[in-house]
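Undergrad: One structure, pasted below without further comment.
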Amino acid sequence: MMKPIAAAFAAAMLLGTAVQAAPPPQAVASAAKPPPADPAKIALGVQLLEATHAKANALAYIDLMMPSLANSLKARKADVSPAVLGKFQQSVKAQMIAGLPHLLDLQARVLARHYSTDELKGLAAFYKSKLGQRMVEETPKVLKETVPIGQAWGRETSQDAIEKALAALRKQGVKI
């Protein structure tokens, strides 16, 4: 399982939580066909993605995914040689990099749907400012520290919540 590496806007543009199971086919199909949007707003979305270093973040994310993908292949084919594994990783990485323009276009369209023209301009201006660039630079470092905290909290809290929910249901006579 890939670890989530984004919790703030700048990184969240490309770095979201990991997918534990494949999305339903209809979700993939709808994501592949973005609805029409105002070309001017899409262009502003692209500017915002550029200001937040979305492409660089995606490249870093792809690198972070490689060990997980290699482990997936090893789980399917335990006898895979290191040489084949290396070629597999190179091929997967190249294909993912080739798909980045499509990903960035989809994300720019999402931004265009969620923000007004003025908001997109304001966000891009902020992220191009000295403070915005500092946020872009520091966010990965902050996330490196905060994501493990969030993951630990999630594991602990969810386990406790599950136990309490099961106890409450049993107390109500639900057999579970």
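The values are calculated or read from the model by the stated rules, or taken from the named source; none is laboratory data. Everything quoted here is computed from the prediction, not taken from an experiment. We place every Cβ from the backbone using ideal geometry, glycine too, and count neighbours over all the protein chains shown.
Undergrad: In the stretch 125-154, how many residues are buried (at least 17 other Cβ atoms within 10 Å of the Cβ) and either over 20 Å from the mean Cα position of the chain (by Cα) or more than 22 Å from V46 (Cβ to Cβ) (or both)?
TA: Total satisfying the criteria: 3.
Undergrad: Looking at G173, G154, G150, which is the one that is touching a residue at least 40 places away in the same chain (Cβ under 8 Å), out of contact with any Pro (no Cβ under 6 Å at 6 or more places or on another chain) and of a type outside the set (V, I, T)?
TA: Working: G173 fails: touching a residue at least 40 places away in the same chain (Cβ under 8 Å); G154 fails: touching a residue at least 40 places away in the same chain (Cβ under 8 Å).
So the residue among G173, G154, G150 that is touching a residue at least 40 places away in the same chain (Cβ under 8 Å), out of contact with any Pro (no Cβ under 6 Å at 6 or more places or on another chain) and of a type outside the set (V, I, T) is G150.
Undergrad: Among the residues that make up the stretch 78-86, is at least one of them touching a Phe, Trp or Tyr at 6+ places or on another chain (Cβ under 9 Å), farther than 30 Å from D38 by Cβ and modelled with pLDDT under 95?
TA: yes
Undergrad: Among the candidates T17, T52, which residue alone is within 16 Å of the chain's Cα centre (by Cα), β-branched (V, I, T), at pLDDT 90 or above and closer than 17 Å to V110 by Cβ?
TA: Selected residue: T52, the only one of T17, T52 that is within 16 Å of the chain's Cα centre (by Cα), β-branched (V, I, T), at pLDDT 90 or above and closer than 17 Å to V110 by Cβ.
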